[in-house]
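Below is one structure; the comments refer to it alone.
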Amino acid sequence: REVILPLGLQREVDARLRLFLSQKPMSKGSFSDNSLSRSGSDEGFYEQQEPLIKNSVVMERILQRRSLQLRDKQQDWQETPEGQKMLEFRRSLPAFKEKDALLKAVSENQVIVVSGETGCGKTTQLPQYILESEIEAARGAVCSIICTQPRRISAMAVSERVAAERGEKLGDSVGYKVRLEGMKGRDTRLLFCTTGILLRRLLVDRNLKGVTHVIVDEIHERGMNEDFLLIVLKELLLRRPELRLILMSATLNAELFSSYFGGAPMIHIPGFTYPVRSLFLENILEMTGYRLNSYNQIDDYGQEKAWKMQKQAQSLKKRKSQIASAVEDAVEAADFKEYSLRTQESLSCWNPDSIGFNLIEYVLCHIVKKERPGAVLVFMTGWDDINSLKDQLQSHPLLGDPSKVLLLACHGSMASSEQRLIFDKPEDGVRKIVLATNMAETSITINDVVFVVDCGKAKETSYDALNNTPCLLPSWISKAAARQRRGRAGRVQPGECYHLYPRCVYDAFADYQLPELLRTPLQSLCLQIKSLQLGSISEFLSRALQPPEPLSVQNAVEYLKIIGALDENENLTLLGRNLSTLPVEPKLGKMLIFGAIFNCLDPIMTVVAGLSARDPFLMPFDKKDLAESAKAQFAARNYSDHLALVRAYEGWKDAERKQSSYEYCWRNFLSAQTLKAIDSLRKQFFFLLKDTGLVDQNPENCNRWSHDEHLIRAIICAGLFPGICSVVNKEKSIALKTMEDGQVLLYSNSVNAGVPKIPYPWLVFNEKVKVNSVFLRDSTGVSDSVLLLFGGNISRGGLDGHLKMLGGYLEFFMKPALADTYISLRREVEELIQKK
Ligand code: CDP
Ligand code: MG
């Protein structure tokens, strides 16, 4: 019985299972509590406001006096030279012309929608106008304005700016609050916070007592948290008729929001930007003297060239004069077979990953050497890319020279001291280059940008435990986003935008990006609703701006019940709570949690990272046989794509230590880039898991059972169930069957495809795709006992309940005898647990 684990393990399993399944006391802030405090600093924010009016007449006078003091203080500041300068600047912004109209609309309507070009003054000015008018009306000491931002960096940067505009210290009348950090004083009346923070507050303070104005910024981004918040606020407005809601958006889809709030008035702030010239890849290549028509001479095996090119580019770094030719090689290496097709397909055959960095390097050199002064803003996909490019550029003779270039990064997870540098003006003769994620598209304004470099991709959602984010892969941006990126170059003077992709790729972009609520897998979303205690899932989601299909909601809920994340009454189980804190799909989260409980963390983290990233096994079209046999080596005798990945990754780590990772990848048809991505995901998983408190305190223990392939197989099964098919070995072939689809086939990439015999009665799989037949992607062979003990939710409904659930499967696959095996196995395990 391979699952009745080696003897020494049993004590471990006992202790940890019991801890996990029953009474595990969670550490504060570790579950359902993604954005709540772990340090003391959040506490005050969730407390209800002190009762302001004890003796109303006396209180009113005190408050009026405080208001007047605030006003006088502001007036004094505005008379100083800096104050004057600041006031002048504020008056020059397009929003200023609309000030009166805006304030009138706010006072007359419960909800308004404001739109305007990025940089026109929505975020910094509008909340201030409201604050000032409240102070003017002697209500300055009682008003409480909350302005939400989708990202923590913008909440911090904006509050700092607004405090500076008012000549105050941060934390006086203006403050901010983001997860685990904040600046907020007794007199703070205008608070910038992340959307997540406001959602948290609503949890403990359903009516937002004391709050007079809520401003939700950047709603055009349609982030999940913002869509969430709108559902909650819509209901709150009925209960709090005096509460004011102001929605702000950069682009013009105001109608959608207005009609969601019963035809709320819309106000548009007309603005101006300077013209920006768009350069697509073909124009950029022309600058290098490269001829477009040579795209037709494609090498069949682009990948091989890409490898060579990468190696070449490394040595080329020292010889800057040759960068142009590296770019040419790189472009040639990319597969342009269907380049001329102006269709969606051209997106998939244009793969900038292998050339991105060198192309960016080339463009940056060009700007620094040949273009007029002005800062450069480079849009990249995520912080890992930004960091590696920054490393690369720092050793560049021109771009790494601090007397010529000020190289900065800008992404959600950087330190606040670093953030400030982005807005500063560099010394004369030094060019500022900011490497940023898509957060610099709308929420942050860097004034002196004249050049924009756009790589055309973005991670759909930033990696943040706050958002339950399963999609970690970069994907193409929308036309609207590309326009927005381009617009950042025209803030102060006419600018230039370098799009690092061909025009035809741009033409194939979608017009707008789908709202996050509709592209995030619903399973994760449902967990989130439950962890935020927002009531019935389907009822809640039906009230969204653009609700998802009811059937998909139903399916997601059912799935969560099967894997044991929700109980029959749709309540979050302990497992569900833990899953809701992990930014991966629930099935992958379950694997991670089991990997932690069973002390085989490393291989399980590799499997999960591999399933979240793309496949590191390359299958070049004309070398498929070679590539397949390379992969098969990793799968020798294990009948598992997942275990093959674990071995491949471990081999790569070894090779890296011996500094031969390049050859290793080349020999084994592995993508170094994907392996690196897997590596970085693993690190993030580890920290997140540590947060849940399930990882063994002693780091040496985390991997005590990592060498045990039986156990790893069992945990893969725990995660992937109910993705299961039965295996029947025929004389010359194998027949596979699932309950829903009947006969199924394996993708030819799988190590289990084409083998004469699989010595396991079951395969668990991660994904199935319907083409003509149903095809299974990665799969792992598992035994009866593994399925019985790890498939589904063993803790639910006791022995009978679990058997009933499995019963359907056993009956369908005509293996009723397994039920008896299961009963005896289960008894044995339970006895063991009791004995210890
Ligand atoms: O929200 P919106 O995009 O409409 O603009 P904003 O963030 O309120 O910024 C208005 C103007 O303030 C920008 O155009 C910048 O010139 C200036 N600003 C700044 O100088 N420093 C900041 N940290 C933020 C804004
Ligand atoms: Mg803004």
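The values are calculated or read from the model by the stated rules, or taken from the named source; none is laboratory data. As the structure is a prediction and not an experimental result, all values here were calculated from the model. Here Cβ is always computed from backbone atoms with ideal geometry, including for glycine, and neighbour counts include all displayed protein chains.
Total residues in region 70-94 satisfying the condition of being assigned to a helix (DSSP H, G or I), out of contact with any Asp or Glu (no Cβ under 9 Å at 6 or more places or on another chain) and more than 22 Å from ARG139 (Cβ to Cβ): the figure is 8. Pairing each residue of region 77-102 that is under 21 Å from SER115 (Cα atoms) and small (Gly, Ala, Ser) with any residue that is within 12 Å of ligand 1 (Cβ to nearest atom) and at pLDDT 95 or above, provided the two are 6+ apart or on different chains, yields C-beta distances under 6 Å for ALA95/GLN125. Looking across region 445-460 at every residue that is in a strand (DSSP E or B) and at pLDDT 85 or above, the one that is nearest to ligand 1 (Cβ to nearest atom) is identified as VAL449. Checking each residue in region 125-145 for being within 16 Å of ligand 2 (Cβ to nearest atom) and crowded, with 21+ Cβ neighbours inside 10 Å picks out GLN125, LEU126, PRO127, GLN128, ILE130, ILE145. For region 167-190, the set of residues classified as among the hydroxyl-bearing types (Ser, Thr, Tyr) and closer than 16 Å to ARG201 by Cα consists of TYR176 only.
What do you reckon, is ALA632 outside any helix (DSSP H, G or I), out of contact with any helix residue (DSSP H, G or I) (no Cβ under 7 Å at 6 or more places or on another chain) and under 29 Å from GLY589 (Cα atoms)? No.
Taking first residues from region 213-229 that are modelled with pLDDT under 90 and partners that are small (Gly, Ala, Ser) and away from ligand 2 (no atom under 16 Å from the Cβ), the Cβ contacts under 8 Å between residues at least 6 apart in sequence or on separate chains come to ASN225/GLY196.
Within region 565-607, being in contact with a Lys or Arg (Cβ under 6 Å, 6 or more places away or on another chain) and over 14 Å from GLN684 (Cα atoms) holds for LEU572, ILE597, ASN599. Name the residues in region 424-451 that are within 16 Å of ligand 2 (Cβ to nearest atom) and within 18 Å of GLN493 (Cβ to Cβ), would you? Correct list: THR445, ILE446, ASN447, VAL449. Set side by side, the residues SER115, SER173 differ, and just one is in contact with a helix residue (DSSP H, G or I) (Cβ under 9 Å, 6 or more places away or on another chain) and farther than 16 Å from GLN74 by Cβ, which is SER115. Is it the case that some residue within region 112-121 is away from ligand 1 (no atom under 12 Å from the Cβ) and out of contact with any Gly (no Cβ under 6 Å at 6 or more places or on another chain)? Yes: one or more hits. The C-beta contact set for region 719-738 (first residue closer than 18 Å to VAL751 by Cβ, second residue among the acidic types (Asp, Glu), distance under 8 angstrom, 6+ apart or interchain) comprises GLY723/GLU767. Can you confirm whether region 544-554 contains a residue that is surrounded by 19 or more Cβ atoms within 10 Å (Cβ to Cβ), touching a residue at least 24 places away in the same chain (Cβ under 8 Å) and either of a type in the set (D, E, K, R) or in a helix (DSSP H, G or I) (or both)? Scanning region 544-554 turns up at least one residue that is surrounded by 19 or more Cβ atoms within 10 Å (Cβ to Cβ), touching a residue at least 24 places away in the same chain (Cβ under 8 Å) and either of a type in the set (D, E, K, R) or in a helix (DSSP H, G or I) (or both). All conditions but one from (1) within 16 Å of ligand 2 (Cβ to nearest atom); (2) surrounded by fewer than 24 Cβ atoms within 10 Å (Cβ to Cβ); (3) of a type in the set (S, T, N, Q) apply to ASN207; the one that does not is (1).
Can you say whether ARG189 is closer than 17 Å to ARG244 by Cα, over 27 Å from the mean Cα position of the chain (by Cα) and in contact (Cβ under 8 Å) with a residue 12 or more places away in the chain, as far as the supplied structure shows? For ARG189, the condition - closer than 17 Å to ARG244 by Cα, over 27 Å from the mean Cα position of the chain (by Cα) and in contact (Cβ under 8 Å) with a residue 12 or more places away in the chain - is met.
In region 590-639, of all residues being closer than 30 Å to LYS459 by Cβ and among the hydroxyl-bearing types (Ser, Thr, Tyr), the one that is surrounded by the most Cβ atoms within 10 Å (Cβ to Cβ) corresponds to THR606.
If the condition is being over 16 Å from ARG189 (Cβ atoms) and loosely packed, with under 14 Cβ neighbours inside 10 Å, then region 63-83 contributes GLN75, ASP76, GLU79, THR80, PRO81, GLU82.
Regarding region 532-543, can at least one residue be identified that is assigned to a helix (DSSP H, G or I), surrounded by fewer than 21 Cβ atoms within 10 Å (Cβ to Cβ), among the acidic types (Asp, Glu) and at pLDDT 90 or above? Yes, region 532-543 has at least one match. Every test in (1) more than 17 Å from ARG777 (Cα to Cα); (2) part of a loop (DSSP other than H, G, I, E, B) is passed by GLY754 save one, and that test is (1). The set of residues in region 192-215 that are small (Gly, Ala, Ser) and under 19 Å from MET156 (Cα atoms) contains only GLY196. Given the condition β-branched (Val, Ile, Thr) and modelled with pLDDT of 90 or more, answer yes or no: does some residue in region 566-586 qualify? The answer is no, given that none of the residues of region 566-586 is β-branched (Val, Ile, Thr) and modelled with pLDDT of 90 or more.
Annotation: of all residues in region 105-124 being hydroxyl-bearing (Ser, Thr, Tyr) and more than 9 Å from ligand 2 (Cβ to nearest atom), the one that is surrounded by the most Cβ atoms within 10 Å (Cβ to Cβ) is SER115. When the criteria are applied in full, LYS590 meets the requirement of being part of a helix (DSSP H, G or I), among the charged types (D, E, K, R), touching a residue at least 12 places away in the same chain (Cβ under 8 Å) and in contact with a helix residue (DSSP H, G or I) (Cβ under 6 Å, 6 or more places away or on another chain). If I ask for residues that are over 19 Å from ARG614 (Cα atoms) and surrounded by 15 or more Cβ atoms within 10 Å (Cβ to Cβ), which ones from region 649-660 would you list? Once the filter is applied, which keeps residues that are over 19 Å from ARG614 (Cα atoms) and surrounded by 15 or more Cβ atoms within 10 Å (Cβ to Cβ), region 649-660 yields ALA655, GLU656. Applying the criterion of being part of a helix (DSSP H, G or I) and touching a Phe, Trp or Tyr at 6+ places or on another chain (Cβ under 9 Å) to the residues of region 508-521, the residue that is farthest from ASN225 (Cα to Cα) is ALA508. Taking region 94-104 as the range and being surrounded by fewer than 19 Cβ atoms within 10 Å (Cβ to Cβ) and within 16 Å of ligand 2 (Cβ to nearest atom) as the test, the residues that pass are PRO94, PHE96. Total residues in region 151-168 satisfying the condition of being more than 8 Å from ligand 1 (Cβ to nearest atom), in a helix (DSSP H, G or I) and either more than 24 Å from ASP72 (Cβ to Cβ) or not small (Gly, Ala, Ser) (or both): the figure is 7. Tallying residues that are of a type in the set (Gly, Ala, Ser), under 30 Å from ARG503 (Cβ atoms), over 31 Å from the mean Cα position of the chain (by Cα) and away from ligand 1 (no atom under 16 Å from the Cβ) within region 241-281 yields 0.
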